[in-house]
Every structure is written in C-alpha cells, then in structure tokens.
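Right, one structure below, let's go through it.
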Amino acid sequence: MVKLSVIIVNYNVKYFVEQALLSVRKASEGLPVEVIVVDNNSVDGSAELIGQKFPEVLLLANTRNVGFSAANNQGIQMATGEYILLLNPDTVVEEDTFRKTIGFMDEHPEAGALGVKMYDGKGVFLPESKRGLPTPATAFYKMTGLSALFPHSKTFNHYYLGHLSNDEIHEIEVLSGAFMLLRKKVLDEIGLLDETFFMYGEDIDLSYRIIKAGYKNYYYPHTRIIHYKGESTKKGSLNYVRMFYNAMIIFARKHFTTEKARVYVAGIQAAIYVRAILAILERFVLQALLPLSDAAIIYGGMYLIKDFWQHNVKADQGTTYAPEYMLINVPLYIAIWLLTVFLSGGYDAPLRLSRMVRGLVAGTVLISAVYGFLPETMRFSRGMILLGMAWAVFALSGWRLLLHFLQYKNLNLDAAAAKRAVIVGSLPECTRVRAMLYDAGVNIDITGYVLPEAPTEPQTAAAVHVLGYTPQLQEIVAIYKVNEIIFCAKDLPSQQILQFMIDIGQLPDYKIVPPESLSIIGSNSKNTAGDLYTIDITLNLNQPRYRRNKRLLDLCLCFCLLPAAPLALLLIPNRRQLLANWFGVLRGAKTWVGYVPEPDAATAAAAQTTLPKLQPGVLSPLDELPPKPYDAQTRQRLNLLYAKNYHPYADLDIVWQGWQRLGG
C-alpha cells in the first residue's frame, strides 16, 4: 500500500524540478512513496527530462496551462497514498523529511495537514512557513507595514504568527502551498483545491476549510526544506502583486460576510493601485537615475565652458551670451546627446564606454545639422558644442568608471567583479563542476575545493586545488573571503547543505549542483528569481539594444519607402497589402522581418514562448532562400539562428533579396 503520494506541478522550471525530484528520490528511500508530476504544458523540455531521468515518476503532461489548483487536483485524483504532499518544483527536501512528517501525522490523528520549516536559497528562514488567516485587520497591518515594524507582535504580525517560536511545533491557521502534507481522507471530506484560484490563495482557502471541518493544521519545524521562491512566477513582479491580491479578493468573497468582504475588497483594490504606482515610480527612478545624473554633469560642464569662452576666447570682442543659451540651447544639446547615447546602447547593461562615445559623436553631428536651422539669435559658437562633447566624453567616462569602481572595486568596465567561490564535494565532482562553469562562461574565480573527507585514492593533479574538508568550511570561507559556495548534491546530503547555509549565514551566495546535471542552481533572495548557471544559448534578440535597433530599422525603412512610394507601388505586386503592411509596421503591429511562420497554432505558440517575442513579419529568413517546402525542424532552426545571430544587417539583406514580396 502506498503511504505517501508526492504531487509536483511543473511549469517551465526544468532544472529546478530536476533538483526537487532528486531530493524526493533520496527522501523516499525505504518508504512506500509514489511521485506524480503534472506538467502544465512547459516548453523548456521539462517533460522530456523527467521521462528520461526519472522513470519511476508518474508524469501527466497537459496540453495547456490549467493553473496550479487544477493541476494539483489532477494529481490528487491519480494518487493512491494515505497522505498527499503538495510540493513546489523549486524546493529541496531533506533526507528525513518524509519519514518524520509521516510519523507525526500517524501519531496525531486530529491533524488534517502539516507544513515544515522553510528556508530560502540564502539559508534565511521564510516567515510564511507559519501564517494566520488574512482577516481584514491582519491584511491591513500587513499592507501598512505595521507587521514589519512589530515582527513579534501577536496583534500586528498575526499574518506570519511572529509571536510563535520558529523552532517549536505549533497549531497554526494557514500552511504554505510550497509544502503541504494532507491526510487523504480529509481531502475526501472537504473536497479538492478550489480551481477558482488559478495561482495563489488556494493554500489559504484549503487550510481554512480543513479547520472548519474540525481538523488541525500543524507547523512542524523538526525537518526543513529549501524553497527558492520566484522561479515559476517571479514574485518581485507587479503581475505577482496583482495575482496575489486578486486571490485574496476571491477568498474574502467566499468566506467573509457580505459587509466584511466589501470592506476587505475595497482595501485590497486600493493596495493594488498603491503597489502598482510605487512599482512604476521605482522602476522609473532606477532607469532614469543615470541619464539624469549625466544631464546634470553635462549641464554643469557647459556652464563652465560658456563662462570660460565668454571671458577668455571672446573677451576681446566683448561677447556675452544671452540667458537663452543655458535655458534653451544647452538643454536641447543635452537632450540630443542623451537620446543618441540611448540609441547607441550607452545605457544598456553592461555599460560600455565605446557605445557612450559613439552616441555622443553621433549627437554632435546631429546638433551640427540642427544648428543651421536655428534662428540667427540662437546660433552660438560651434566651438562650445565641440568642447561640450569633449567634456561629456571625459566626464561621463569618469562617472561610469567611478560607479563601476564603487561596486566592483576595479576599473575594467568589461568585467564585473568575479565571484570568489569554493566547490564542496568529492574531487571528481568538483573537477566536473569546475569544467562546467568554464564551458558556461561564468565569471567566477574558483578558489579551490572543499572535500567531504580525505581522499583514499592516490592524489591527482586536481588535488592541488583542495583547501580542506567540510568540518573546516566556515573557517575556509572566512580566511579566503569566499562569496559563493557551490555544493555538490551527489556527495552531500540536503540536510548537511542546509545546515551549512544556516550556520555560515547570508554573506556568501549558495548554489547546488544536482548529480549528473548540467545546471547549478541557487537564489540570492527570497524575492528574486533563482540564479541558474547552465550551458545555454545566448540570443541577440533578447538584448535590449538589438530589439531597439530592430524597431528603429523598421521605422527607417518605413520612411525610406515614402519617397520611393510611386516606384514601389508600380513594381511590388499587391499594392493594397503593401500599404497595409506599411501602416502595420509603422504602428508596431508588424515588423518587416520576423520569424518563419509555423503552419499550426500549437507549434507557433510554442515557438513564441521559447524564442524572444516578435510581431508578425512581412518577410522571414526563408525569403533569402530558394523557394521550396521546408520541414518543421528546418523552420525552427532558421528561427533560432535568426534570434541568436540577429543584426540589423541581416534584416537589410532579407529585405533586399525579398523586396518583391513586401506586399505579401
């Protein structure tokens, strides 16, 4: 008889679900456990990986994303165990987790569900391991920040039950859906997850229904899990805030009285707008900070140049410059310089001085062109424009070097500070991981290896990198000023890895390498997406400057077609469609060159998910090839190569060779 059914809902987190399943496999040893993975139509190869590496897993591959609640319900309906564990794909369980939690549930028949002590990828305790019901008062205290000001208050921090010890067993109200162990007969009694909750809130609703049915929810801290958080849904995003608060609205309308729900919903909706405004303002400030500081630096320099020019170069002529120069001309010059720097990629990360200088030179050329169209009274010396450009190149370069030095302690803009890392594991596994990091092109300085125990085999060349052994890990981190630790899960139990993370603290980053995997996984914050080192393909179309240049090229081609319109309308077939395409590209609904179209909707949808999104193209990479049928694999390869190697010249070449089909 199956004692435990583990259900994992996966959506496009292939490497994380691999690590989760490996930890589940270890925790299941010697226990009657079945593992069910419901894949919500992932397009990252998750289902294929699970089928190949985990033959013991029961895999249900959905043809669409049915949502978290519905997918869990599908898994529950397949399950045969006495207990059901709902487990997130971005988790790692300890080797004793299943044995201990099942034992507790067996000893406490009144327990309807159980949650455990959770830590994030930095080894920091996650307060949502134990929560209270989000009543209107509790929600108000959380949204106003009072819960953070009084973290141990029973009243103000009831949402995270801050008054209860993190290290003791407690009866609580709400469990986390990241790890929710349920008694199957309780689910049969109260029903499955409410599928009205697409994502978020379903754990609160289920926890509340368990209590209403007369059972208890327990927080059990004697075993732990890592919950990276943010991988499937990017919790720091505005979309997460909206989805979570909308889930709270559904909960309130379902369980509160009409009047109470009305007040609660009004407060939640107000919170959504406030959070949205704050998020937009924060994003704007962060993005505008460098351009605004550039503008201030250039303006200050132009004021000094004007003063120098007036009192030295033009002193014998008695020339004075009208206030309009600093009020109109200089702001206009600065606006043009910053615009051309932006268009040249001067504000794209990583910052490159060459892009900035290229933008300033282009801006100076543009200013010189505009200069001739200005009224006579506003035409000031061109020498000051050239001096202004020279000042901007010098000052902005220095400003960027200073900012880079303050952050990375070096003056090489091309190289962020390499992380100083140690790899913890057996000598062969450490050597494999080092080679994988090199192949992936990760900017990291491997200080050495920390072995679980002294090697019994003869020493190899790799042994020179050994710094010590795991009992000395804390001392090694302090001596060598290590800021990243990479654990090899093949050689270290999850329990030991998590204990190291807790003992060493938050200062270093942590990564875990699953056995025989090509991925290295970690997370630096509970609110950020997990970090992933893996051997992947870099796509040019994912970079902002290439996407921006592509859009600029589309607009330039639109304007170039205007003077050539009579000839184009004469030579290009289907003139009406040509005009429709022109207007479509102009307003951003189309692009002159896009991906090779797929004949069926499912393949097209998958391609748009795996490749950077583009508007439908008038032409495609096929238009520079001989006209003949191409199979699906060839079309997909052409699209991948187009996205990977994209450059505006590629679009120009395709347009040049396929101009007769611009009306297609």
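The values are calculated or read from the model by the stated rules, or taken from the named source; none is laboratory data. As the structure is a prediction and not an experimental result, all values here were calculated from the model. Backbone-built Cβ (ideal geometry, glycine too); neighbour counts: all protein chains shown.
Quick notes on this one:
- Any hit, the range 339-346, residues being assigned to a helix (DSSP H, G or I), at pLDDT 90 or above, over 28 Å from residue 405 (Cα atoms) and of a type in the set (A, V, I, L, M): no
- Residue that is farthest from residue 63 (Cα to Cα) [pool: residues in the range 2-28 that are in a loop (DSSP other than H, G, I, E, B) and at pLDDT below 95]: 2
- Residue that is surrounded by the most Cβ atoms within 10 Å (Cβ to Cβ) [pool: residues in the range 263-321 that are at pLDDT 85 or above and touching a Pro at 6+ places or on another chain (Cβ under 9 Å)]: 295
- All conditions but one from (1) over 27 Å from residue 513 (Cβ atoms); (2) buried (at least 24 other Cβ atoms within 10 Å of the Cβ); (3) not aliphatic (A, V, I, L, M) apply to residue 108; the one that does not is (2).
- Residues located in the range 589-616, provided they are within 19 Å of residue 543 (Cβ to Cβ) and modelled with pLDDT of 90 or more: 591, 593, 594, 595, 614, 615
- Close contacts from the range 141-156, counting a first residue that is under 19 Å from residue 278 (Cα atoms) and a second that is exposed (fewer than 13 other Cβ atoms within 10 Å of the Cβ) and at pLDDT below 80, with Cβ to Cβ under 9 Å and a gap of 6+ residues or different chains, come to 143/270; 143/274.
- Any hit, the range 225-246, residues being surrounded by fewer than 18 Cβ atoms within 10 Å (Cβ to Cβ), in the same structural domain as residue 95 (by TED's automatic domain parsing), modelled with pLDDT of 90 or more and out of contact with any Pro (no Cβ under 7 Å at 6 or more places or on another chain): no
- Residue check, residue 347 closer than 24 Å to residue 549 by Cβ and surrounded by 15 or more Cβ atoms within 10 Å (Cβ to Cβ): yes
- Evaluating residue 78 against the criteria (1) surrounded by 19 or more Cβ atoms within 10 Å (Cβ to Cβ); (2) farther than 20 Å from residue 489 by Cβ; (3) among the aliphatic types (A, V, I, L, M) leaves one unmet condition, (1).
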